[in-house]
Amino acid sequence: MRFNFTGQVENLLPGLHELKAQHGFEISEGGGCTVEVVHSKDIPLAVSYQKKDNRAVITYSQPIYFFRAFGLLVENIGEDSYKIAEIPHFDTNGVMLDVSQGNAVINITASKELIRRMAVMGANMLMFYCEDSFTVEKQPYFGYMRPRYHEADIRELDDYAFQFGIELIPCIQTLAHLTDPLRWAAFEEIKEDADCLLVGEEKTYAFIEDLITAAVKPFRTKRIHIGMDEAYRLGRGEYLTRNGFVPPYKIMCDHLARVMEIVRKMGLKPMMWSDMFFTTLKDGWDYSPDNIIFTQEHIDSVPKDVQLVYWDYYKYEESMYYKYFDAHRIFGEPVMATGTWTYYGYGLNWGISERALHASMAACKTKGIKETFMTVWGDNGTECNIFAILPGLSLFSELSYCAERPSQEALVKRFEFTAGGSYQDFVDLRYIDETPGVEEGNYEMCNTAKSLMWQDILTGLIDKNIEGLPLNDHYSKWREKYEAAAERNEKYAFLFDMYAAVADVLSVKAELGLQITAAYKANDREAMRDFADVVLPDLAQRVKQCRVAHMNAWFYSYKPLGWDVHDMRYGSVLVRIQSAIDEIHMWLDGTLTCLEELDETRLLFHGEEGIPKFNNSYGFIASPSRIAPTA
């Protein structure tokens, strides 16, 4: 496929050259399809093509619209003719990628690949959510020995995104969600508690100024996301000791006023998460505007030059968003942050992602919201690989441009061009968690694979919940399907190889604790010897292979720092398998008169029937003892 570009194309050529290998075309000054490029202030995005003339016209108002239009042309160039004009629904339609909470800093190569995919999808903004994942020269313990971006990394990515018309925006935290850096004694004087900065302390604002100065330095943009969400114990730690009780809403506004002094001095345009202006008036986690009356004093306390970002990935009906938009507009025009669910274990929860994206984006259109982005969180280890987000990113992008709800056929066709993989294979990643015992769609957020991978063979905290479920058979079936998907999706073989390896482990491990316990209580010594001599050693080999497959996917996608967490988790599984082997042998030869772990009566996890829901803390899964209860 060859293209000869004419017209106003000079500033677009660097981006076009970056897309050549990804989409298999060449650029020439003669021959091939002639593409006339027209810049227009009045027409955002239009493409027309006639096969008989081998000629196309692309009209665009912004670079990102050109690259989406060019992608549409390449995708449909086999047709006799093709014509489309689109009017973007949003001024900003981007993605925020969490690179802090799960230790997974997306490496430069993978980041550039995601940027190229975003370009042909038409997404025009990218944030990397950084708690301590960037270097701050004046704060050497900030991000110390944690994966992070250096100034040169961000500058390189900002330049790379700019050639496609994609805006990189720094996204940091300036109040809470700072557990990782605040562990160090260097920050003791600015701590409210283990997670939150101390409001009112002058050293806190010197620290925040250092963070903001370092964060914005590599970026072209003047926009910045300053965070400030989920500070649920605000004013209840060191602040309370120093000042006595002060209403949390006032503390929040006092802190914001000080941070705004810093960003104004730097000429920045800030946005922030909005939840604290709701939860502080209800003294809890409730983000709903129900039963809140915002007085004029409340409204005046929030600066007019900060945008509030309403985050919500939980609602499946369009109308459920309306009252939230209305409540936010009391303070000014909000930004909507929707989400794709990849952040609570190994799997892509496509059931929730698809419904929430359709509902939230439709609500944005109905209510005239002009800026939106899709969040991708990475809580507690980021077992789910970043490239699993591609169906969500594709759907989000199409909903940003399509006037009507696109057909499933159109969504599949668009995904397979822009992402370069099989749509069905990607959305089938849901079945690593959507197992027997989980409702279709997994709307209750069961992260089955994470629970079963990290739970102990002998203590089996999840065992009672999975009694009678054919989980081994489920994972055996999906191991074969993921292996086949790896062959079909050569570009993403690393991804499907990882999921096949996880399924391979769980095809044995899922029900193994129950099987061993049953044999022990039946005093079936032959079966117990088989577990010790055959089944458990075989499982150990599968875990080792899984670790390698997971590591390959990690190093393809992320910086090496951060992988240590998974080594520790897989290492723990392996050592505990060996301990199970040893204990069974000691019981068989009479060294142990009983296996205490197996004599314990199994209880339901948290006392609830069914596969645990949103069971996302490794420490709670692996052991009831204090190894790392919230890790």
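The values are calculated or read from the model by the stated rules, or taken from the named source; none is laboratory data. Here the structure is a predicted model, which means the values were calculated and not measured. Heads up, the Cβs are rebuilt from the backbone with ideal geometry, glycines too, and the neighbour counts pull from every protein chain shown.
Worth pointing out:
- Any hit, region 198-221, residues being under 30 Å from LEU16 (Cα atoms), not polar (S, T, N, Q) and not in a loop (DSSP other than H, G, I, E, B): yes
- Residue check, CYS384 buried (at least 22 other Cβ atoms within 10 Å of the Cβ), part of a loop (DSSP other than H, G, I, E, B) and not assigned by TED's automatic domain parsing to the domain that holds GLU75: yes
- Of everything in region 401-424 that is surrounded by 20 or more Cβ atoms within 10 Å (Cβ to Cβ) and more than 19 Å from the chain's Cα centre (by Cα), the residue that is farthest from MET125 (Cα to Cα) is GLY421.
- Residue list for region 19-39, filter: part of a strand (DSSP E or B) and farther than 15 Å from TYR65 by Cβ: GLU26, ILE27, CYS33, THR34, GLU36
- Verdict on ASP180 being part of a helix (DSSP H, G or I), surrounded by fewer than 24 Cβ atoms within 10 Å (Cβ to Cβ), touching a residue at least 60 places away in the same chain (Cβ under 8 Å) and assigned by TED's automatic domain parsing to the domain that holds GLU113: yes
- Test for TYR149: is it surrounded by fewer than 23 Cβ atoms within 10 Å (Cβ to Cβ) and without any contact (Cβ under 8 Å) to a residue 60 or more places away in the chain: no
- Condition met for GLU483 (within 22 Å of the chain's Cα centre (by Cα), more than 30 Å from GLY71 (Cβ to Cβ), surrounded by fewer than 20 Cβ atoms within 10 Å (Cβ to Cβ) and not hydrophobic (A, V, I, L, M, F, W, C)): no
- PRO303 satisfies every condition listed in (1) under 28 Å from the mean Cα position of the chain (by Cα); (2) under 14 Å from MET228 (Cβ atoms); (3) not acidic (Asp, Glu) except (1).
- Any pair with Cβ under 9 angstrom, 6 or more apart, that starts in region 596-620 at a residue that is closer than 16 Å to GLU383 by Cβ and ends at one that is among the aromatic types (Phe, Trp, Tyr): PRO612/PHE605; PHE614/TYR344; ASN615/TYR344; ASN615/PHE605; ASN616/TYR343; ASN616/TYR344; TYR618/TRP454; PHE620/PHE605
- Filter pass, SER133 being free of Cβ contacts under 8 Å to residues at least 40 places away in the same chain, buried (at least 24 other Cβ atoms within 10 Å of the Cβ) and of a type in the set (S, T, N, Q): yes
- Residue in region 610-618 that is over 25 Å from the mean Cα position of the chain (by Cα), among the aliphatic types (A, V, I, L, M) and modelled with pLDDT of 95 or more present: no
- Criterion violated by VAL575 - all others in (1) modelled with pLDDT of 95 or more; (2) within 11 Å of LEU461 (Cβ to Cβ) satisfied: (2)
- Residues of region 252-283 that are more than 28 Å from LYS222 (Cβ to Cβ), part of a loop (DSSP other than H, G, I, E, B) and touching a helix residue (DSSP H, G or I) at 6+ places or on another chain (Cβ under 9 Å): THR280, LEU281, ASP283.
- Set TYR343, TYR310, TYR324, TYR249: member being in the same structural domain as ILE224 (by TED's automatic domain parsing) and part of a loop (DSSP other than H, G, I, E, B): TYR343
- Region 327-340, subset in a loop (DSSP other than H, G, I, E, B) and over 19 Å from the mean Cα position of the chain (by Cα), residue nearest to SER397 (Cα to Cα): PRO334
- Residue count for region 27-45 under the criterion of being within 26 Å of GLY421 (Cα to Cα) and under 34 Å from the mean Cα position of the chain (by Cα): the result is 1.
- Every test in (1) in contact with a Lys or Arg (Cβ under 7 Å, 6 or more places away or on another chain); (2) over 27 Å from MET271 (Cβ atoms); (3) surrounded by fewer than 16 Cβ atoms within 10 Å (Cβ to Cβ) is passed by SER48 save one, and that test is (3).
- The lone exception for ASP533 - which of (1) farther than 23 Å from TYR618 by Cα; (2) assigned to a loop (DSSP other than H, G, I, E, B) it fails: (2)
- For region 407-432, a residue qualifies if it is over 26 Å from ASN447 (Cβ atoms), of a type outside the set (A, V, I, L, M) and free of Cβ contacts under 8 Å to residues at least 40 places away in the same chain, and the qualifying residues are SER407, GLN408, GLU409, GLU416.
- Any hit, region 9-18, residues being surrounded by 15 or more Cβ atoms within 10 Å (Cβ to Cβ), in a strand (DSSP E or B) and either in contact with a helix residue (DSSP H, G or I) (Cβ under 7 Å, 6 or more places away or on another chain) or not assigned by TED's automatic domain parsing to the domain that holds LEU114 (or both): no
- Among the residues of region 27-43, those identified as touching a strand residue (DSSP E or B) at 6+ places or on another chain (Cβ under 7 Å) and within 20 Å of ASN11 (Cβ to Cβ) are ILE27, SER28, GLU29, THR34, VAL35, GLU36, VAL37, VAL38, HIS39, SER40, ILE43.
- Residue match in region 159-169 (condition: surrounded by 22 or more Cβ atoms within 10 Å (Cβ to Cβ) and farther than 27 Å from LEU13 by Cβ): no
- Top-ranked residue in region 284-298 [being of a type in the set (D, E, K, R) and in a loop (DSSP other than H, G, I, E, B); ranked as surrounded by the most Cβ atoms within 10 Å (Cβ to Cβ)]: ASP286
- Subset of region 436-474 [of a type in the set (S, T, N, Q) and more than 22 Å from TYR314 (Cβ to Cβ)]: GLN455, THR459, ASN465, ASN472
- The set of residues from region 486-525 being surrounded by 24 or more Cβ atoms within 10 Å (Cβ to Cβ) and more than 22 Å from THR382 (Cα to Cα) comprises GLY513, ILE516.
- Within the option set SER476, SER451, being hydroxyl-bearing (Ser, Thr, Tyr) and under 26 Å from the mean Cα position of the chain (by Cα) holds for one residue only, SER451.
- Selected residue (only one of ALA69, ALA56, ALA46 is free of Cβ contacts under 8 Å to residues at least 40 places away in the same chain, out of contact with any His (no Cβ under 7 Å at 6 or more places or on another chain), in a strand (DSSP E or B) and among the aliphatic types (A, V, I, L, M)): ALA56
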